[in-house]
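Where a number appears in this text, it was derived from the coordinates with a stated rule and is not lab data. Here the structure is a predicted model, which is why all the values come from computation and not from measurement. Heads up, the Cβs are rebuilt from the backbone with ideal geometry, glycines too, and the neighbour counts pull from every protein chain shown.
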There are 4 protein chains.
Amino acid sequence: MSSQQGVAINVRMAVELERTEQVRSKIHIKNPLLRNALSEFFGTFMLLFIGIGIVMQFILSNEKLNTWININLGWGLAIAFCVYLCSKTSGGHFNPAVSIAFLTLGKLPLKDFLVYCVVQTIGAALGSLAAFGLYYDQVNKFAGAYRTIIGSKATAACFCSFPAFHVSNTTCFFDQFAGTAILVLFVCVIIDKRNGIPAAAHPLLFGLVVMMIGTAYGMNLGYPINPARDLGPRIVTFFIYGSGVFSYHSYYFWIPVIAPLFGAVAGAWSYTFFVGAHIPEQRETTYVLVDEANQPLKLAADA
Amino acid sequence: MSSQQGVAINVRMAVELERTEQVRSKIHIKNPLLRNALSEFFGTFMLLFIGIGIVMQFILSNEKLNTWININLGWGLAIAFCVYLCSKTSGGHFNPAVSIAFLTLGKLPLKDFLVYCVVQTIGAALGSLAAFGLYYDQVNKFAGAYRTIIGSKATAACFCSFPAFHVSNTTCFFDQFAGTAILVLFVCVIIDKRNGIPAAAHPLLFGLVVMMIGTAYGMNLGYPINPARDLGPRIVTFFIYGSGVFSYHSYYFWIPVIAPLFGAVAGAWSYTFFVGAHIPEQRETTYVLVDEANQPLKLAADA
Amino acid sequence: MSSQQGVAINVRMAVELERTEQVRSKIHIKNPLLRNALSEFFGTFMLLFIGIGIVMQFILSNEKLNTWININLGWGLAIAFCVYLCSKTSGGHFNPAVSIAFLTLGKLPLKDFLVYCVVQTIGAALGSLAAFGLYYDQVNKFAGAYRTIIGSKATAACFCSFPAFHVSNTTCFFDQFAGTAILVLFVCVIIDKRNGIPAAAHPLLFGLVVMMIGTAYGMNLGYPINPARDLGPRIVTFFIYGSGVFSYHSYYFWIPVIAPLFGAVAGAWSYTFFVGAHIPEQRETTYVLVDEANQPLKLAADA
Amino acid sequence: MSSQQGVAINVRMAVELERTEQVRSKIHIKNPLLRNALSEFFGTFMLLFIGIGIVMQFILSNEKLNTWININLGWGLAIAFCVYLCSKTSGGHFNPAVSIAFLTLGKLPLKDFLVYCVVQTIGAALGSLAAFGLYYDQVNKFAGAYRTIIGSKATAACFCSFPAFHVSNTTCFFDQFAGTAILVLFVCVIIDKRNGIPAAAHPLLFGLVVMMIGTAYGMNLGYPINPARDLGPRIVTFFIYGSGVFSYHSYYFWIPVIAPLFGAVAGAWSYTFFVGAHIPEQRETTYVLVDEANQPLKLAADA
């Protein structure tokens, strides 16, 4: 719009955090991919640091301190605030499934997608490790020296998903496919400008979507719906619990890595096909300048 | 306002999702009824797919994973996000009772109402079927080969309402009448422009209304307050549990279909009669352009 | 501002609910007190109809369906939506304590205050009666033919507060004084224009304040903090449970009627004395019209 | 901007609370430090009065009335509303850790920081004392004449944190360091103008951050993450429970006083280093005035 001759009303943003502004001028990263990768790493680290703490407070308290509602609420808020954290840099995916959906929508280059997947997984692994450190005394209290995947003293489920025996891997696949599809479908609803939802509310709404999914489809696997969130901590558990974390349940581990990728693409495009593409063109919001007699006002246009 | 000569401030909406824009240009449905019917179908499908999952996570975990608060929270959010999904197409009724209220308010043609009822019911049926698929392993774990309406292994209540013996059908009727009246009364409060609630907040508030109703009037029947939400899944249960789903409790099944229709109309108009019609005309919001001396500014009107 | 010569930007409100507009033109009540009294009556009726349902779902399900969190959430939302209902007529007090606070702040005439108290109490009584009707079958299931104030089958606490024996009436007085003071203090924070909270968010925030109070000071008496909410349903219980509802606990009944009135005034004015009166004058929000070179623009003022 | 010659659109704030305006004109405190100190004192008093009530309702009801979710919800809302209370005076820190972070960010002078610490601690002490008064009958019911720090009738944990034996003081230090770092990190995200979150939403979001922390890192110590909140009430407990409140757990008491100060600074600056300093300069929001033909409009600039 800079080439137009119209009168622009510019709303300037005052920036008052002067000391941080000085630091900013010295360390500001100009390379978008580098900046965004740092954000995705740090955001996913924070998300898992908080999120694994939530799950540990559930399991290690014998489900007495946190109950399922705290998991739903806590993870929803963790998503919301970590996305606020990165909303103006990478946008806050923290999830290769979200990133692949944006790749297919043409909103993320392939190179960025690949880099995101790597830093998200590393961030998730380190975040879960930090949570393990803060609750190390509690893990010892709960399980003593035991580090097991199943049984009454099992703690591996603090880190990533381990399905019960009665849930087949086929069900697991569709569970992760569907859960991620729901997530990404509503993410696309929220960010579609035609739906007119203010940008400042987006991160909070993303969090509420995850909260909703946890009340509906957490029983099979605990709704990881995020390859980095499941695989990153699982790599950490390999060093604590051994190779069983990968071989468990007929090598289930690849399902929460692969199924969300397909689900995300299905969710994103089902929004477009069923609803998004059919939203009628909206009348633009129009304000009319009127004089005291409530009559439309003529400005000295082209005077 | 296009015929007025005043100066309009048009706020243009930038649309950046280019790839989806290309798809849009190819598949955009111009027929409003067709577009809205597709939205109502898909939205009701999603609502029940999520909502039945919520109820199943309550029942099939023996009320240990989800407790009643998760049901309230989850259904509230499911309503909110499914309405966001369709807010710019059909508006997101998903409920023949809401549609009939809008019919009587003159906001929905009769033809549209009838079509909505059909697609809402079909969407609800298919959504509950999809939820059944995702939790099929859990149903088997919970009930084995049993498919019963009552008893400790009963699972039919995952789909639709089955009143306890001590609740009479008369009570059931008034329960559904009142619950739906509360819902539609507050829907009318929220959408009344005189109340000045921003449109982007409407779907979230609708969800909170349903959350509230679930904390107050869920004990008799589980607050279906929606003919499509109850009848659609009930048709599915006919093929799983047999004809008892209709004959149960002296053919109770018609009550959550009919009572909400009356309740919705009563709720909508009671708002108008008790409050809405009496809201005083509001002074318009006025902004005054002033100069540096804080004096009102004259623009070169009619120059 | 109508006498100023400045250029006004009027944002007109489109009203589209045409059928309700026709009704409005016929039944619109122009007398402000009559209109507001009708709103206060209807709003308090709805508040108690929903709110007593919430408490009944807690007590009559043996605290298994609703737990305390559902009470907090449900009552908070009931407050929020009932205030939305009446936000443009009476403002939605539903509580003589709130009304007396506004009386002392000079925002409500004495005559209106007295009328409000009466209609609020009647609305509360009738609302609780309606809730009793909807849960009549459940009361019978829970208590059989018993209608008692104390004991394992007591149901009188569904309607209004009955303190436990170990809580003295002095404690009760201060509990109701303090709870109502907290409520009204934060109501004054929310509505103080200097705090810049958008009007459309006020009702929701009022509800969250009540939710907060319920998590902190519900254990002594169940946070009635509202003379109409406690006295109205108590009058109903007189006809069900007998005169014990008044004589119980050394004629406790007057405490939740009188203590909130003092608490409300204390809360309202403590905000002014501790914080409100000391808020510095805010710089007005200023937007500067600039040209393409980002230079301040001169309009043809006084041309 | 007052020296610019541009045309300003001033949005004037109408102030209608006339009676409070009269009081204001008489008692308005002009000294910023005095005014802010009064706000910090009163706000911290209210926060602890409510917050200790929440914890007491949890402990004294044997965790049956309040469960952990009520603690999370209640404390989150208490933070939110107490910050709203002081948002236009001191800003509502109530926490020396938040204040020290702002000190290092250059947003709070050292003198103010020191005064804040003192009044916050006094306010916290008195607030907890007031809560003790309101629940005095319940403490007696729960514990009889016992006033103990540990054991089944222990009530000292109503006031401040007392770690279990299996949690080492090293873990305690990092728990408080990390919890406060998370708090302050997200506070900095919320208030960074580059993130575009409306000021009226800040207090609510602060509350949600604390809610989130409580679902993740409450198991070790109950998330005090605030030196004033822990030390103030602990001083009160000295007079009730004796010197054990300080010597307990190898003189643990200094950890929730000191660790949050370091955590807060780490959290604040990690936001800047990882994300804040790298946010790209945003294009300013631009509105273009157009005429009826949708062409940019020329105003009579520099006429």
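Between copies, B:Y251 shows label-point distances of 5.9, 5.9, 8.3 nm, shortest first, with the point placed 7 angstrom from Cα along Cα to C-beta.
When a/c is below 1.5 the answer is rounded, else prolate if a/b is larger than b/c, else oblate, so apply that to region A:139-267 with a ≥ b ≥ c taken from the square roots of the Cα gyration tensor eigenvalues.
Working: a/c = 2.59, a/b = 1.91, b/c = 1.36.
Because a/c hits 1.5 or more and a/b exceeds b/c, region A:139-267 counts as prolate.
Counting only other chain Cβ atoms within 10 Å of each residue's Cβ, the peptide B:187-200 averages 5.
What shape does region B:107-183 have by the C-alpha gyration tensor, where a ≥ b ≥ c are the square roots of the eigenvalues, rounded means a/c under 1.5, and otherwise prolate means a/b greater than b/c and oblate the rest? Verdict is oblate for region B:107-183. Ranked from shortest, the separations from the 7 Å Cα-to-Cβ label point of A:T170 to its equivalents in the other copies are 5.1, 5.1, 7.2 nm.
Within 10 Å of each Cβ in D:256-265, how many Cβ atoms from other chains are there, averaged over the peptide? All intermediate terms of the calculation are to be shown ahead of the outcome.
On the way: counts 0, 0, 0, 0, 0, 0, 0, 0, 0, 0.
That works out to 0 on average.
When the Gaussian network model of chain D links Cα atoms closer than 10 Å, the mean-square fluctuations of D:A277, D:A178, D:A216 top out at D:A277.
Farthest towards the positive end of the charge dipole of chain C, among the residues C:I27, C:A101, C:N72, is the Cα of C:I27, using unit charges on the Cβ of Lys, Arg, Asp and Glu. Summing charges over neighbours of A:G276, with a neighbour being any other residue whose Cβ is under 12 Å away from its Cβ, gives +4 when K and R count +1 and D and E count -1.
Show me the chymotrypsin sites (Phe, Trp or Tyr not before Pro) within region D:157-221 that DSSP assigns to loop and that have at most 10 other Cβ atoms within 10 Å of their Cβ.
Details: sites: D:F159, D:F165, D:F173, D:F174, D:F177, D:F186, D:F206, D:Y217; in loops: D:F159, D:F165, D:Y217.
Listed in order of number, the matching sites are D:F165.
Once a ≥ b ≥ c are taken as the square roots of the eigenvalues of the Cα gyration tensor of region A:26-133, is the result rounded (a/c under 1.5), prolate (a/b larger than b/c) or oblate (a/b not larger than b/c)? Cα axes put region A:26-133 in the prolate bin.
Separation of region B:190-225 from region A:51-114 is 27 Å, based on Cα centroids. Past the 36 angstrom mark, what percentage of all C-alpha to C-alpha distances in chain D do you count? Cα-Cα pairs in chain D separated by more than 36 Å: 28 percent.
Mean separation of Cα pairs under 8 Å and 6+ residues apart, divided by the residue count of chain D: what relative contact order is that in percent?
Details: 408 pairs, mean separation 69.1, N = 303.
Once divided by the residue count of chain D, the mean separation gives 23 percent.
How large is the charge dipole for chain C, taken about the Cα centre, if only the Cβ atoms of Lys, Arg (+1) and Asp, Glu (-1) carry charge, to the nearest 20 debye?
On the way: 19 positive and 15 negative charges, 145 e Å.
Computed about the Cα centre, the dipole is about 700 debye.
Label-point spacing at A:P280 relative to the other copies reads 3.6, 3.6, 5.1 nm, in ascending order, each point sitting 7 Å out from Cα along Cα→Cβ.
Across region A:35-48, rounded Karplus estimates of 3J(HN,Hα) from the backbone phi angles (6.51 cos²θ - 1.76 cosθ + 1.60, θ = phi - 60°) give 4, 5, 5, 4, 5, 4, 5, 5, x, 5, 4, 4, 4, 7 Hz, Gly and Pro being marked x. The calculated 222 nm mean residue ellipticity attributable to helices in chain A amounts to -20000 deg cm²/dmol, summing -39500 (n - 2.57) over DSSP H runs of n ≥ 4 and dividing by all residues.
What's the magnitude of the charge dipole for the protein assembly as shown around its Cα centre, counting Lys and Arg as +1 and Asp and Glu as -1 at the beta-carbon? Answer in Debye, nearest 20. Don't jump to the answer; show the numbers that get you there.
Values: 76 positive and 60 negative charges, 290 e Å.
Dipole about the Cα centre, nearest 20: 1400 debye.
Per-residue mean of foreign Cβ neighbours for B:242-250 is 0 (Cβ atoms of other chains, 10 Å radius).
Remark: region D:71-81, residue by residue, has Karplus-estimated 3J(HN,Hα) of 5, 4, 5, x, 5, x, 5, 4, 4, 4, 6 Hz, where x stands for each Gly or Pro and the curve is 6.51 cos²θ - 1.76 cosθ + 1.60 at θ = phi - 60°. Computed from phi, the 3J(HN,Hα) profile of region A:267-277 under the Karplus parametrisation 6.51, -1.76, 1.60 (θ = phi - 60°) reads x, 4, 7, 5, 4, 4, 6, 7, 10, x, 6 Hz, with x in place of Gly and Pro. Among B:R19, A:R194, A:R234, a tally of other beta-carbon atoms within 10 Å of each Cβ gives an order, fewest to most, of B:R19, A:R194, A:R234. When the alpha-carbon atoms of the protein assembly as shown are used, the pair Rg, Dmax equals 29.7, 87 angstrom. Comparing C:G207, C:G232, C:G276 in a Gaussian network model of chain C where C-alpha atoms under 10 Å apart are linked, the largest mean-square fluctuation is found at C:G276. Highest mobility in the GNM of chain D, judged by mean-square fluctuation with C-alpha springs under 10 Å and restricted to D:H28, D:H93, D:H202, is found for D:H28.
Give me A:M219, B:M212 sorted ascending by neighbouring Cβ count inside 10 Å, so fewest comes first. Spell out each step's value before the answer.
Numbers: A:M219 24, B:M212 30.
Fewest-to-most Cβ neighbours within 10 Å comes out as A:M219, B:M212.
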